[in-house]
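Structure first, commentary second.
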Ligand SMILES: Cc1ncc(COP(=O)(O)O)c(C=O)c1O
């Protein structure tokens, strides 16, 4: 029997509407910036994000490799968009889906996945990844116990970046014919950045690729210094990591920009209110990152920013004034101030030491200035880590004759990085995880803070009245 011809103006299934998302110029949030900023509106994909491309490619790839067949079950540890993409494709192809999520996720996200017919298993957030109740452990156990299970594993599945290499990258090139200079994307699994970035760089060798990373994630410091530093919690969803997923290819990155929760959320609200673009928090992050990058350019450039998902899932958070206020994101001026305020009370010059200095030099400096850690600079004058008194001590106890050896092997990454604009309220949380904080702006080391600096600063504040 011949298939009836498709009605004019229709497509065979919703999957045929994935992609072909528009690119739109920003006109208001970019006021005062010479560069032009354009956004690729990925929330117009049918399940609401660029992860529709990933869901489709992961399932196509698993079917092709014989890993997923009729009656099969797709399992993923996901907090949202990838789940929605997978669930949409699974609904059409008749697969079952089980998503394992941490309990901090919003009810809207859980309900959206259940709406597609997926089963959602909620696990406690406050347990170690190795705990059998953690969502990683539960996902792994379900994969072992479920016949015909396929673990989508977006953090280590090459089909994730490949989705963007095969779809987002070529689409952007076709739409623009390469008529832009800089590509900006948030950094989560790295699928978007690595996949689209690789395709675009092959076509446009002069393209600059810029990643955007939230303060609290480890990518920024890893790109700048090669060190894995302390990750700490932040609110913006979908970007930033506390480990390095194998789907992230940092080699194609030209630069990385840090953004904090407050600026991400204020920009997200502005994108909706001033540009009419109904987008989510990581979109505000990406645009904020692009604007920061544009501000330090010597001459105007055309910048294309990828916007991952829509505002719907964040209505009870970013777009809710009470939530914003109770988390300190709405105050005009944070009552307790920013990191810059703490730095003004400290000596201007930050003490640093060269990487090729000796252990004796470092001990001498610590003694002279009464400090117990010193930021280390590499040959080009860039900060590349920290040496601390305790590491020097431990090393010398084991190697008593080595005071003349270089400190290079003792440089460590046990610190967190912030900018001068980071709010003091956030700093309090950071010190729950990190011992030392380096303040960095435009690659320049502006200061080093310890808990006692914060305590001194808060103690010196005049008591508020009433
Ligand atoms: C809302 C949102 N933004 C950004 C990202 C980051 O994209 P990628 O994982 O491709 O790096 C994700 C990833 O899940 C996301 O859900």
Check your understanding: Cα-Cα pairs above 21 Å in segment 339-459: how many percent?
Key -> 39
Exercise for review: Largest first and to the nearest Å, give the Cα extent of segment 51-151 along each principal axis.
Suggested key: 37, 28, 19
Point to revise | Unit Cα scatterers, Debye sum, segment 309-402: log10 I(q)/I(0) for q = 0.26 Å⁻¹ | key: -1.32
Study note, to complete from the structure: For the chain, the longest principal axis of the Cα atoms and the Cα long axis of helix 451-460 enclose an angle in degrees, to the nearest 10, of 80
Review point. For the residues 125, 247, 419, what sequence is obtained by ranking on other C-beta atoms within 10 Å, fewest first?
Key: 125, 419, 247
Practice item. Mind sorting 122, 74 by how few other Cβ atoms lie within 10 Å of their own Cβ, fewest first? Key: 122, 74
Point to revise | Contact order normalised by residue count of segment 350-466, Cα under 8 Å, 6+ apart, percent | key: 22
Exercise for review: Whole Å is fine, so just give me how far the alpha carbon centre of segment 365-433 lies from that of segment 118-139.
Suggested key: 35
Exercise for review: Note down the nm distance, to one decimal, between modelled labels 7 Å out along Cα→Cβ at residue 297 and at residue 368.
Suggested key: 4.4
Check your understanding: Of the listed peptides 302-310, 408-416, what is their order by residue-averaged count of other C-beta atoms within 10 Å, with the highest listed first?
Key -> 302-310, 408-416
Exercise for review: With runs of 4+ DSSP H residues as the only contributors, calculate the mean residue ellipticity of the chain at 222 nm using -39,500 (n - 2.57) per run, divided by the residue total and rounded to the nearest 500.
Suggested key: -10500 deg cm²/dmol
Review point. What per residue convex hull volume, in Å³, comes out for the chain when only alpha-carbon positions are used?
Key: 187
Point to revise | Centroid-to-centroid separation of segment 13-78 and segment 184-261 [C-alpha atoms, Å] | key: 18
Study note, to complete from the structure: Counting all Cα-Cα pairs in segment 220-323, those more than 24 Å apart amount in percent to 29
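Computed from the coordinates by the stated procedures, all read-outs in this text should not be read as laboratory data. Since we're looking at a predicted model, the values are computed, not measured. Every residue, glycine as well, gets a Cβ built from its backbone with ideal geometry; the counts of neighbours run over all protein chains shown.
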